[in-house]
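Comments concern the structure below.
Derivation of every value follows stated rules applied to the coordinates shown; laboratory data play no part. Keep in mind it's a predicted model, so treat the numbers as computed, not measured. Positions of Cβ are generated from backbone atoms using ideal geometry, with glycine treated the same way; all protein chains shown enter the neighbour counts.
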Amino acid sequence: MRQPMSPDPDEELVRRVGTGDPAAVRTLVARKLPRILSLAARMLGDAAEAEDVAQETFMRIWRHASSWRRGNARFDSWIHRVTLNLCYDRLRRRREQVTDQVPDIVDPAPLPDAHPGEAAHRVEQALQAIAPRQREAILLVYYQEMSNMEAAATLEISVDALESLLSRGRRALQAILEKDSVDE
């Protein structure tokens, strides 16, 4: 038997956004923007594109807030799903762009004057190298601090499937990071 969902902490705020309440809009943006930007930046590896995705995410919220009704997932899960979908749209467009010019190849080696943030940078690069679904699971659970149940709802998979993605993702990250440290 399925457990009843606990009250959605954003439900009243979203209802107010749907009525056009400017204070509710400001509150919602202040509450959600940092996490949405963080998720998009990690998915895309580009801060400017992440800002565009965050803007489009909030545009969709404003367009649909008046008709949003709590269903099987919380509002927070829905907003993360929208963000992930927008990121994947951009990633698909990147792959589909045809050009006559060969792109510049960026040297992945750390700069000679690398600072303590180098380890975090290596992890970010490793995240970009693992399978997309594994990256989604890791970003939602470890960076967005969602529970396994919330992340599974966002990804529209079972908790067991999420845990499998997390396990495979952690192993893939470990292998990449160990290889990088051996190559140094």
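Peptides 54-61, 18-25, 166-173, 38-45, ordered by how many other C-beta atoms sit within 10 Å of their residues on average, highest first, read 38-45, 54-61, 166-173, 18-25.
Here the extension length gained between residue 170 and residue 23 equals 48.9 nm, from 0.36 nm per residue of separation less the Cα-Cα distance. Annotation: extensible slack from residue 178 through residue 85 equals 30.4 nm (criterion: 0.36 nm per residue apart, minus Cα-Cα distance).
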